[in-house]
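One structure is given below, encoded as C-alpha cells.
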Amino acid sequence: MSSESSSSHSQKSWINKLTQAFAGGDPRTTAELVDILQEAYERELIDSETKAIIEGALLVSDMQVREVMIPRAQMSVVKAEQTPQEYLPLIIESAHSRFPVIGEDQDDVLGILLAKDLLSLMVENKLDRTHVRDLLRPAIKVPESKRLNILLKEFRNTRNHMAIVVNEYGGVAGLITIEDVLEQIVGEIEDEHDSELEDHLIKKAEDGSHIVKAGMPVEEFNEYFRSDFDEDDFDTIGGIVVKEFGHLPQRHESVEIGKLHFTVLNASNRAIHLLQVKQKQRSER
C-alpha cells in the first residue's frame with residue numbers, strides 16, 4: 001500500500017472514530033475523545049489550532065457560567081441618574097460596547113446601554129436632553145450554574161451579546177459576554193493593541209514606551225530590556241507582573257518593578273494579555 005493510500009486510510013479511520021463519538025458511539029467519555037484528537041494531531045491529520053478549537057468546544061460543554069463570568073466587583077456600570085458628563089468618561093476609558101445600567105444598587109439592573117446608541121445623539125446634539133433610561137435594551141439574566149454551551153446557543157438565538165449573572169438568591173453575581181464564551185473555544189480574542197503586534201511579542205511606541213505581550217518569555221524580556229527578572233520561577237513576564245500585584249489586575253492598573261513601570265492594557269477575568277512597559281523616570285535630586 002502506498003504512503004498516500006495509507007494516509008488516506010488513516011484519515012478516514014480517524015474521521016469515522018470522531019463521527020461515532022459525536023453520534024453517541026464509542027468512546028463514551030470526553031477524555032477518550034480527547035485521546036482521539038491527540039492521535040489525529042500526532043498523525044498530522046489535524047493541526048494544533050484545529051485540535052485546540054475542538055478541545056475548547058468540548059470543554060465549554062462541561063463549564064458553567066460562574067467559571068468565566070466577570071465578577072460583580074469588576075463590572076463597569078452606569079447609574080441611571082448619572083448625566084452624560086458623569087457616565088461618558090467611564091464609557092470612553094473602559095472602551096466596552098455594552099454597560100449594565102443600575103438603579104439603587106448593583107442588584108437593581110434596569111437594562112443594558114449600548115455605546116453605539118449614544119453616537120447619533122451626540123452628533124445631533126441631543127444627548128443632554130435624553131435620559132439614559134430611554135436608551136436601555138432589555139437585560140437578560142442567567143443563573144451561575146448555566147452551562148456555557150447552552151448559553152452560547154441562547155446568545156445566538158436571541159442575538160444578545162451580554163447577560164447578567166444572578167446567584168441562587170436572585171442577586172447579581174457578575175456578567176458574561178459572548179466574547180467570554182468564545183474565548184474558551186478559540187482562545188483570546190485580540191483587541192486593537194494585539195493586532196498592532198501581529199506575530200511579534202514586543203513593539204516600540206512613538207512615546208518611547210513598549211507594548212509587550214504578557215506571554216513573552218522572561219529570558220527574552222530580560223535580554224531586550226537588560227533586566228534581571230527571575231527566569232526560574234516564572235516562564236513569562238505576565239507571571240512576574242501578576243505576582244507583584246498580588247492579585248489578577250484589571251485593565252489600566254499599574255505597578256513598578258525595579259526600573260520598569262508596567263501598565264495592563266488588556267486583561268480578562270482569567271489572565272492578563274498585554275502590557276505597556278516604560279522606563280521609570282528618575283526622581284529629581
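The values are calculated or read from the model by the stated rules, or taken from the named source; none is laboratory data. All values reported here derive from a predicted model rather than from experimental measurement. Positions of Cβ are generated from backbone atoms using ideal geometry, with glycine treated the same way; all protein chains shown enter the neighbour counts. All accessible areas refer to the heavy atoms of the entire protein, side chains included, with ligands and DNA or RNA removed. Shrake-Rupley method; radii C 1.70, N 1.55, O 1.52, S 1.80 Å.
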Review point. Which of the residue pairs Lys79/Lys141; Lys51/Lys116; Lys79/Lys126; Lys79/Lys213; Lys203/Lys243 have a Cα-Cα distance greater than 26 Å in the structure shown?
Key: Lys51/Lys116; Lys79/Lys213
Review point. Got a number for the accessible area of Thr236? Probe 1.4 Å, square angstrom, nearest 10.
Key: 50 Å²
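What percentage of the solvent-accessible surface of the range 215-263, computed with a 1.4 Å probe over protein heavy atoms, is contributed by carbon and sulfur atoms? Please list the in-between numbers first.
Details: 1290 of 3010 Å².
Carbon with sulfur: 43 percent of the solvent-accessible area.
Determine the sum of side-chain charges near Glu81: Lys and Arg each +1, Asp and Glu each -1, restricted to other residues whose C-beta is under 11 angstrom from that of Glu81. Walk me through the intermediate numbers first.
On the way: positive: Lys79, Arg133; negative: Glu86, Glu104.
Net charge in that neighbourhood comes out at 0.
What FRET efficiency, computed as 1/(1 + (r/R0)^6) with R0 = 51 Å and r the Cβ-Cβ distance, is obtained for Asp232 and Glu168, rounded to the nearest 0.05? Could you put the intermediate results ahead of the total?
Numbers: r = 44 Å, r/R0 = 0.86.
Once the sixth-power term is evaluated, E becomes 0.70.
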Study note, to complete from the structure: Karplus ³J(HN,Hα) for the range 247-264 (6.51 cos²θ - 1.76 cosθ + 1.60, θ = phi - 60°; Hz, whole; x = Gly/Pro) runs 7, 7, x, 9, 4, 6, 6, 10, 8, 10, 10, x, 9, 10, 10, 10, 10, 6
Exercise for review: Name the long-range amide H neighbours of Leu110: under 5 Å, sequence gap of 5 or more, or other chain; modelled H, no Pro or chain starts.
Suggested key: Val101, Ile102, Gly103
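What's the FRET efficiency of Glu104 with Glu223 using the Cβ-Cβ distance as r and R₀ = 51 Å, to the nearest 0.05? Provide the component values of the computation, followed by the final result.
Working: r = 54 Å, r/R0 = 1.06.
Efficiency at R0 = 51 Å is approximately 0.40.
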